[in-house]
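The values are calculated or read from the model by the stated rules, or taken from the named source; none is laboratory data. All values derive from a computational prediction rather than experimental measurement. Counting neighbours? That spans all protein chains shown, and the Cβs are built from the backbone with ideal geometry, glycine included. Surface accessibility is based on the protein's heavy atoms, side chains included, excluding ligands, DNA and RNA. Shrake-Rupley method; radii C 1.70, N 1.55, O 1.52, S 1.80 Å.
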Amino acid sequence: MHMYDLIEKKKRGGALSRAELDGLVAGAVSGDIPDYQLSAFLMAVYFQGMTAEETADFTLAMAHSGEMADLHDLPGVKVDKHSTGGVGDKTTLTVAPIAAACGLVVAKMSGRGLGHTGGTVDKLESIPGFRTALSREEFHAIAQKTGICVAGQSGNLAPADKKLYALRDVTATVDSMPLIASSIMSKKLAAGADVILLDVKYGSGAFLSEPRDAVALAQLMAGIGAAAGRRTAALITDMDVPLGVTIGNSLEVCEAIETLRGHGPLDYTRVALELSTALLVLAGRGTPGECRAQAENALQSGAALAKFREMVVAQGGDPAYIDDSSRFPRAACIEPVAAPVGSYLRHMDTAAIGRTSVILGAGRERADEPIDHAAGIVLTRKTGDLVRQGDVLAYLHTNTPAALSEARTAYLQALSFGPEPPAPRAEIYAYVDERQVRLYE
Ligand code: URA
């Protein structure tokens, strides 16, 4: 295989064979193919795309480029859920325990937050004592005992994606559908679950702004999952407004606990229940109606909260914080942001609000930066609300008082006001699997 020829073929719009893609991925991991040739290939894909078959072959090659997690000895259906990233997106904290309380096995690897989006690992680490760095044996043992374990990525899963993602990041080739789909799905396939549910977000806080693009990405990923023999589907969900009412790590954990107690905000509760229902249906637990009833029952009966607590204990966390979330340390400075005008809150630039939480210390711009677990934003008004001048729109939480002024300006700049209410938007736009796209009413 000559890398020059593969670049030339892709540059002219040709489709690479499975053997060619296998060779390319092997060469990327071994270092035999230099970065400049890999980068040229990525740019050629960016402009020429890949066929669905090529994308599936490329994904499988990347998935098999390192360890493939083996979960077969865990009893029951192993499920995974992946969000393409958002602001205030704490769905794993409720969906995973609901699914586990309904008898599914959730052995899930999650990531840290970067840029304007948060990460589940950071959120869980805000629970004192909670460990996300687990050995493969610990991860297995916890999942076996409790049916739920959420840890950071360990082992050598999909090293080809790691290599290529780093190159995409510096060569302006991240935003290519086949590259995004293959990147996400290679890690999901390597993580070993039988069932994969994708939460593909669209809107100002997501990396795709249009629902049709989110549907196209979801179809591509669902097709890859099916080709690999995994039951895969996606919900397309709204990220044009932060999910729920909190952004920031311990704030979001507290909101998730409240939601598991049945007192969560409507939008977050709806999305969590719909994702849980879709997982249960994919796992073969019944009709959509039956699965919805199981998910609601897990929430209302307290079984999901009990599962969350069990996971916290198993991973070294202090359950006293789950029983009484007022124990979580509060930020030293909590400042209101007042409405500058009396009007409808027409739009929230959700990525900009995510970046505001980073200014407050809740997130990071570079992977090695520390974060402040107590920092973040509590929203008291959201898109569509009619506000009076001076009403509190949000509270900024931080342990860095010097950040407040910049954060307040950034927060207000992210909002648009007007005399007319905005058109309403549903939390869930569509369900997608390899055979169908079903729009929600
Ligand atoms: N997330 C990933 O893991 N990969 C991408 O390419 C984009 C988002």
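At-a-glance table
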| item | result |
| --- | --- |
| Strands (runs of 3 or more DSSP E) lying entirely in segment 341-441 (those with 3 or more residues that are under 19 Å from the mean Cα position of the chain (by Cα)) | 428-433 |
| Yes/no for PRO178 being within 16 Å of the ligand (Cβ to nearest atom), surrounded by fewer than 23 Cβ atoms within 10 Å (Cβ to Cβ), at pLDDT 90 or above and farther than 24 Å from CYS102 by Cβ | yes |
| Single residue of VAL312, VAL253, VAL281 found to be out of contact with any strand residue (DSSP E or B) (no Cβ under 6 Å at 6 or more places or on another chain) and open to solvent by 50 Å² or more (accessible area, probe 1.4 Å) | VAL281 |
| Hits in segment 256-273 (condition: touching an Asp or Glu at 6+ places or on another chain (Cβ under 8 Å), open to solvent by less than 60 Å² (accessible area, probe 1.4 Å) and not β-branched (Val, Ile, Thr)) | GLY264, PRO265, ASP267, TYR268, LEU273 |
| Test for GLY390: is it at positive phi and out of contact with any Pro (no Cβ under 8 Å at 6 or more places or on another chain) | yes |
| Segment 164-175, residues that are open to solvent by less than 10 Å² (accessible area, probe 1.4 Å) and away from the ligand (no atom under 11 Å from the Cβ) | none |
| Filter result for the condition that a residue is under 29 Å from LEU260 (Cα atoms), open to solvent by less than 10 Å² (accessible area, probe 1.4 Å) and within 15 Å of the ligand (Cβ to nearest atom), over GLY115, GLY111, GLY119 | GLY119 |
| Breaking point among (1) within 12 Å of the ligand (Cβ to nearest atom); (2) buried (at least 24 other Cβ atoms within 10 Å of the Cβ); (3) hydrophobic (A, V, I, L, M, F, W, C), for ALA214 | (1) |
| Residue among SER276, SER209, SER250, SER204 that is polar (S, T, N, Q), within 16 Å of the ligand (Cβ to nearest atom) and out of contact with any Leu (no Cβ under 8 Å at 6 or more places or on another chain) | SER209 |
| Residue in segment 66-86 that is within 16 Å of the ligand (Cβ to nearest atom) and more than 25 Å from ALA206 (Cα to Cα) present | yes |
| Qualifying position, being within 16 Å of LEU198 (Cα to Cα), touching a helix residue (DSSP H, G or I) at 6+ places or on another chain (Cβ under 9 Å) and assigned to a helix (DSSP H, G or I), among ALA96, ALA100 | ALA96 |
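A quick yes/no check of all residues on (1) without any contact (Cβ under 8 Å) to a residue 12 or more places away in the chain; (2) over 21 Å from MET185 (Cα atoms); (3) not in a helix (DSSP H, G or I):
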site	(1), (2), (3)
LEU6	no, yes, no
LYS10	no, yes, no
VAL25	no, no, no
ILE33	no, yes, yes
SER39	no, no, no
MET50	no, no, yes
